[in-house]
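These notes concern the structure reproduced below.
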Amino acid sequence: KLLIDFANNAAKKNEFTVAEKAYKTILDYGEQNPRYRTAHEGILQMQVQQIENNPTVTKAEIDNCAKGFETYLEQFPAGFGSPLVQQYAYLEAQHNNNVSKAIALLQKAISLQMGNKFFIGNCKLQLGDYYIISGDVWEAALAYAQVDKGFREDALGEEARFRNAKLSYYQNDFEQAQGQLSVLKASTSELIANDALFLSVQITENIPKDSNMVPLERFAAAELLLFQNKDKEAESLLDSIAQAFPKNALADDILLQRSKIASKHKDYNKAIDYLKKI
């Protein structure tokens, strides 16, 4: 246990070489070691962490990590009832451009019903997100609604309602989104309440008096593209707003989104420049 704790702490501090050595030392004791599975999980989690922190990560490194998850799930099928399968789905959807694989993994985890109800609920939320990325908004709405219904008095249900409100926003149904957000602003979760308030204010401030909704509609569509990891298409759409409507109220919001895109691609100087303009 001391060695596992040491490895986990090293990984948290991005001391990956030290952590890997500690995990492999445990694995070398063999499968009969009670910490064998935990060490295997630790290596996979660490590899995902490394991929997230590496702007120049290669396809081969991602594929190698995915292969490690496959090997783990073959050896430990009970992994389909643990958060590790969610990390595998995240790797496939967000880093390996394989959303269909991520969806299949989560659908299997949900159907097997190995984890507790909160694990299943979180899988459904994640599944909803990946349906949006794949363009299947109706399935996304259904997944969120199932979590909302199953966790009415829980923060998980509030999270599902917020994601459904965001989905309405993406689809340019601003009235529907505002109706959902008005309830969520009184959420017991401070984070959800703040997120709901931010989105509600963004909609309210950018609905023009002349009823020209095109800038806000394009901006919401650009945010959807960003959610779907289509960064270049999103930037082009943001450019079109600035060019077609140079005096629109969204100018600072566009700069903030550009800063987020630059940060995502580790171009921090560019991100800072956008923030300075704001």
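Taking every alpha-carbon pair in the chain and binning the separations at 5 Å intervals from zero gives 1, 5, 10, 12, 15, 15, 14, 11, 8, 4, 2, 1, 0, 0, 0 percent. Taking 7 Å steps out from each Cα toward its Cβ at E153 and V18 produces label points 4.7 nm apart.
Taking only C-alpha pairs under 8 Å that are 6+ residues apart, what is the relative contact order of region 83-198 in percent? For region 83-198, the relative contact order is 15 percent. Using the rule -39500 (n - 2.57) for each DSSP H run of four or more residues, divided by the residues of the chain, the 222 nm mean residue ellipticity is -24000 deg cm²/dmol. Seen against the Cα atoms of the chain and their longest principal axis, helix 59-75 is set at about 60 degrees. When you count the other C-beta atoms within 10 angstrom of each residue and take the mean per peptide, 93-104, 242-253 line up highest first as 93-104, 242-253. For a straight C-alpha distance cut-off of 26 angstrom, the lysines reachable from K21 (same-chain residues fewer than eight places away being disregarded) are K1, K12, K13, K59, K67.
Probing with 1.4 Å while keeping every protein chain in the model, the per residue accessible area of region 119-278 equals 53 Å².
Rounded to the nearest 10 degrees, the angle from helix 190-205 to the longest Cα principal axis of the chain is 30 degrees.
Each Cα pair under 8 Å and six or more residues apart adds its separation to the average, and for the chain the resulting relative contact order is 8 percent. Dividing the mean sequence gap of close Cα pairs (under 8 Å, 6+ apart) by how many residues region 164-278 holds gives a relative contact order of 17 percent. Overall, the accessible surface of region 19-109 at a probe of 1.4 angstrom is composed of carbon and sulfur to the extent of 47 percent.
Taking region 99-228 as the region of interest, the number of lysine pairs whose Cα atoms are within less than 28 Å, with members eight or more places apart or on different chains, is 19.
Carbon and sulfur together cover what percent of the accessible area of region 178-264 at a 1.4 Å probe radius? C and S fraction of accessible area: 57 percent.
The values are calculated or read from the model by the stated rules, or taken from the named source; none is laboratory data. This one's a predicted model, so the numbers in the text were calculated from it and none came from an experiment. Using ideal geometry, Cβ is built from the backbone for each residue, glycine included, and neighbour counts are taken over all protein chains shown. These area figures cover heavy atoms from the full protein model, side chains too; ligands, DNA and RNA do not enter into them. Shrake-Rupley method; radii C 1.70, N 1.55, O 1.52, S 1.80 Å.
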